[in-house]
Amino acid sequence: MNFTKALFAAIISIALLSSCKTTQKTPVETHDLPAIEVKPPYEDYRASNTILNDLQHTKLKVRFDWNKKYLYGIAEVTAKPYFTSVNTLILNARGMDFNEVSLITDTGRKKLTYSYQNDSLTINLDRFYNRTETYTVYIDYISKPDELKNIGGSVAINSDKGLYFVNADGKNPNKPRQVWTQGETQSNSVWFPTIDSPNQNMTQEISITVDSSFVTLSNGLMTSSVKNADGTRTDTWKQSLPAAPYLTMMAVSNFKVVKDRWRNIEVNYYVDPEYEMYAKDIFGNVPEILDFYSRKLGVDYPWEKSSHVVVHDYVSGAMENTSAILYGEFLQRTKRELLDGTSENTIAHEIFHHWFGDYVTCESWSNIPLNESFATYGEYLWDEYKYGREEADKGGMDDLNQYLAEAKYKQVDLIRFHYNAREDMFDRHSYSKGGRVLHMLRKYVGDDAFLHH
Ligand SMILES: [Zn+2]
């Protein structure tokens, strides 16, 4: 019997007892009370998204109009039915214009009919496909992030525009001109049509055409860099390991690239030119962090490279885009400034995500502690290894205090299927408390069982 039933039974028995005793009639009074609105305690149950079509591969060709802050894109989206046969493909595509939607066939492109409503692009395929058949749709589109109607955000990520132009007209002499993206939670569908859900994953290839003075970065390896007749250059980046669409990224600016290495993997630091000489002071421990986590977890860092880029006007702290981590300006410090404190915790956190978050991904935002609690605990593990138990425990205490401060006004389950906005999941429960719970579990079962591999 649960609490509610017990209470209900008690009320019934009290009511029965008192009615037995009533002998005298009480005068009846009526009062008009103000109407009260009765709401269910929670919003809808937040189930994982149903998978009708299973993304396989996304190939993009993009270029920018810096004046209008537009992206002109060609997307080739390869998918197949997940189980039941389908004759439609529904893609998330926020605030876009479409020039063409076609099916790619052996003989060329075949136009498809489609409808576009509430940021969903419903494409009518030419026939039913079964789950052994893949198909590729071709979409010629325009992304207009600065003209979006509904801009949202959260405490952790304070905008959901997806694609950002910084100092687009170049009029600010104190800021570089940049383009960068931020996909989590569901913002990458502002700049390419996709099934913008963490329970999808895909390989990808992105060709970015920019003025030849710019440097580009995206996920995976750069497979070609071609100069065009009009003075532009097209860099193609290919990621051959599948990842969730929210982990796709691009960054474009006048970065200086400082090269490093871990085992046979390229490690690169993309910074503003004036921080080139400090890049290794800021990021120099990255190879050792990659090595430590690979050994600690018993699974080698699985991605094709490890790049780290600092951008201006970023909307969060940092983002674990697969093999191309993006950080806010606060990472850039001179050697002298670094004496007062580093942001190595942030670097370690984002790298740890490359196992928990990127290699295995939560299937829905209800499960985000799978990503964030583990990444937070990754900071502890690195501190413990590199700087000792006391330094690690200091970080652990900060986490505890942050959680307790939030717990004064919010107490929820770690994994929770009821929330108002998915961004609400990015709180001190999902990060700090979850990290502390992992530490508690480790202490209960012992290191041998906790880290067993
Ligand atoms: Zn994180």
Q. How far is helix 3-21 tilted off the main Cα axis of the chain, in degrees rounded to 10, range 0 to 90?
A. 20
Q: Grab every C-alpha pair in region 365-450, bin the distances at 10 angstrom width from 0 up to the longest one, and report whole percents.
A: 18, 48, 27, 7, 0
Q) If you wrap a convex hull around the C-alpha atoms of region 260-358 and split its volume per residue, what is the figure in Å³? A) 93
Q. About the Cα centre of region 365-450, what is the dipole size in debye to 20, counting +1 per Lys and Arg Cβ and -1 per Asp and Glu Cβ, all else neutral?
A. 280
Q) For the chain, with only Lys/Arg (+1) and Asp/Glu (-1) charged at the beta-carbon, what is the dipole magnitude about the Cα centre, in debye rounded to 20? A) 600
Q.
Run the paramagnetic zone check for E274: 7 angstrom along Cα to Cβ, then residues of region 308-329 with backbone nitrogen under 18 Å.
A. 310-314, 328-329
Q. What nm distance separates the two modelled labels at F330 and V226, each placed 7 Å from Cα along Cα→Cβ?
A. 4.2
Q) So for region 260-358, taking the charge dipole from beta-carbon charges (+1 Lys/Arg, -1 Asp/Glu), which of S294, M319, P273 sits furthest toward the positive end? A) S294
Q.
Given a Förster distance of 25 Å, report the FRET efficiency between R263 and V215 from their Cβ-Cβ distance, rounded to the nearest 0.05.
A. 0.50
(Q) Cut-off under 28 Å on the C-alpha distance; same-chain residues fewer than 8 positions from K296 excluded. Which lysines are left, in chain and number order? (A) K259, K280, K305, K386, K394, K433, K443
**Q.** region 260-358 - charge dipole about Cα centre, Lys and Arg +1 at Cβ, Asp and Glu -1, debye rounded to 20
**A.** 340
Q: In whole Hz, with x marking every Gly and Pro, tabulate ³J(HN,Hα) for region 76-85 from phi via Karplus 6.51 cos²θ - 1.76 cosθ + 1.60, θ = phi - 60°.
A: 10, 9, 9, 8, 8, x, 6, 9, 6, 5
Q. Between N67 and T88, what is the label-to-label distance in nm when each label sits 7 Å out along the Cα-to-Cβ direction?
A. 4.0
Q) Which percent of Cα-Cα pairs in the chain sits in each 20 Å bin, short to long? A) 22, 50, 20, 7, 1, 0
Q) Roughly speaking, what is the centre-to-centre gap between region 304-383 and region 219-265 when only Cα atoms are used, to the nearest Å? A) 19
Q.
Among N371, G231, F352, which residue has its Cα furthest toward the positive end of the charge dipole of the chain, with +1 on Lys/Arg Cβ and -1 on Asp/Glu Cβ?
A. N371
Q: Would you please give the residues with an amide H less than 5 Å from that of S307, counting only those at least 5 places away or on a separate chain, with H modeled from the backbone geometry?
A: N268, A324, I325
Q) Can you pull out the trypsin sites (Lys or Arg not before Pro) in region 247-293 that DSSP calls coil and that have at most 13 other Cβ atoms within 10 Å? A) R263
Q | Order of Y70, Y116 - criterion: other Cβ atoms within 10 Å of each residue's Cβ, fewest first | A | Y116, Y70
Q.
Relative contact order for region 365-450: what percent, with Cα pairs under 8 Å and sequence separation of 6 or more?
A. 46
Q | Simple spin-label estimate for A421 and S294 in nanometres, 7 Å along Cα-Cβ | A | 4.0
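Quick note: the coordinates plus some simple rules give every number you see, no bench work behind them. In this text, all values refer to a predicted model and were calculated from it rather than measured experimentally. Using ideal geometry, Cβ is built from the backbone for each residue, glycine included, and neighbour counts are taken over all protein chains shown.
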